[in-house]
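Enquirer: Got a structure for you, written out below as C-alpha cells; questions coming shortly.
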C-alpha cells in the first residue's frame, strides 16, 4: 500500500508538500482498518490496493481544494475515520474532530490515533444533529467534511451549522451530483451557505473521478437547525 499511496500522491502533485513518513503512516492506517474490519463493519472495500486508492488517495485529494494548515476541521459521520485521519497524517497542523454516532467506531478511532502517534485529533461519540446544538460546536469550525452517502440536502443541514462564517463545508460526491446540487440550492441559502465552483479529480490508479462540492458559510445558521433526525429524513429542506 505504501508504494501505491506514494505514487498516487506524486501523481496528484501532493507528495512534496506532505511529511516524508505520510505514505507509510497511511499504509499502516489502511492495514489497521482492514484488520479491524474483520470484527467490525468499517468498509466494503477489502482489497489493500483499492483501500490505498479509494480511501487514502481519495481523502488526500481534498488537499487539491486549498490550504488546510493550522485550521480546525470537523469530519461528520466519519465512519472508519475518512477523510479525517488521512488529512491529519498529511497535514499535521490541522486540528481535527471526528464525529460518529457509533461508540465502538469512536473507541477504535481513538486507539488508532494513539497507535499512529497522532496529536491534535479526537473522535467524539454523538449524533450530528444533536451535537450541533451543544455550546462551543456551532459556527465553530474552519472546515467541515462529509463523505457520507446521504443526499446533499440532508448533509447540508447536518454540516453547515458547524461551519464558522467565512469557513467552508466540503461535500465529497460523485460527478453526477449536478441535480443534487440544484435540489439543495434552497437549503444551502436557508442555512447561511453559498455554493462555490466544484472541483473534479481523478483518483490515481483507480480511473474513478470524484467531485468536491465547496459550500461557503456566509451567514450564521438560523436557530432551529438542524432539526430532529426524523424530521430531516421525512422533510428534507
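The values are calculated or read from the model by the stated rules, or taken from the named source; none is laboratory data. On a predicted model such as this, the values are computed, not experimentally measured, just so you know. Don't worry about glycine lacking a Cβ; one is built from the backbone with ideal geometry, like all the others, and counts go over all protein chains shown.
Enquirer: Can you list residue pairs whose Cβ atoms sit under 7 Å apart, with the first residue in segment 138-151 being more than 20 Å from residue 220 (Cα to Cα) and the second being surrounded by fewer than 24 Cβ atoms within 10 Å (Cβ to Cβ) and modelled with pLDDT under 95? Count only pairs 6 or more apart in sequence or on different chains.
Expert: Close Cβ pairs satisfying both conditions: 151/180; 151/236.
Enquirer: If you scan segment 3-49, which residues turn out to be surrounded by fewer than 17 Cβ atoms within 10 Å (Cβ to Cβ), in contact (Cβ under 8 Å) with a residue 24 or more places away in the chain and not in a loop (DSSP other than H, G, I, E, B)?
Expert: Hits for segment 3-49 are 7, 11, 17, 31, 48, 49.
Enquirer: Criterion first (free of Cβ contacts under 8 Å to residues at least 12 places away in the same chain, out of contact with any strand residue (DSSP E or B) (no Cβ under 7 Å at 6 or more places or on another chain) and either assigned to a loop (DSSP other than H, G, I, E, B) or more than 20 Å from residue 137 (Cβ to Cβ) (or both)) does residue 230 satisfy it?
Expert: Considered against the rule, which asks whether it is free of Cβ contacts under 8 Å to residues at least 12 places away in the same chain, out of contact with any strand residue (DSSP E or B) (no Cβ under 7 Å at 6 or more places or on another chain) and either assigned to a loop (DSSP other than H, G, I, E, B) or more than 20 Å from residue 137 (Cβ to Cβ) (or both), residue 230 comes out as yes.
Enquirer: Okay, moving on. Go through segment 220-232 residue by residue and tally those that are surrounded by 12 or more Cβ atoms within 10 Å (Cβ to Cβ) and within 28 Å of residue 176 (Cα to Cα).
Expert: Going through segment 220-232 one residue at a time, the tally reaches 7.
Enquirer: How about segment 113-135: which of its residues are closer than 17 Å to residue 77 by Cβ and touching a helix residue (DSSP H, G or I) at 6+ places or on another chain (Cβ under 6 Å)?
Expert: 121, 123, 125, 128, 129, 132
Enquirer: Filter segment 153-168 for residues that are over 14 Å from the mean Cα position of the chain (by Cα) and either in contact (Cβ under 8 Å) with a residue 60 or more places away in the chain or within 21 Å of residue 107 (Cβ to Cβ) (or both) and give the result.
Expert: 153, 154, 157, 161
Enquirer: Right, another one. Identify the single condition in (1) without any contact (Cβ under 8 Å) to a residue 40 or more places away in the chain; (2) closer than 20 Å to residue 100 by Cα that residue 175 does not satisfy, given that it satisfies every other one.
Expert: So residue 175 meets the others, but not (2).
Enquirer: Report, by residue number, each residue of segment 152-182 that is farther than 25 Å from residue 137 by Cα and buried (at least 16 other Cβ atoms within 10 Å of the Cβ).
Expert: Answer for segment 152-182, where residues must be farther than 25 Å from residue 137 by Cα and buried (at least 16 other Cβ atoms within 10 Å of the Cβ): 177, 180, 181.
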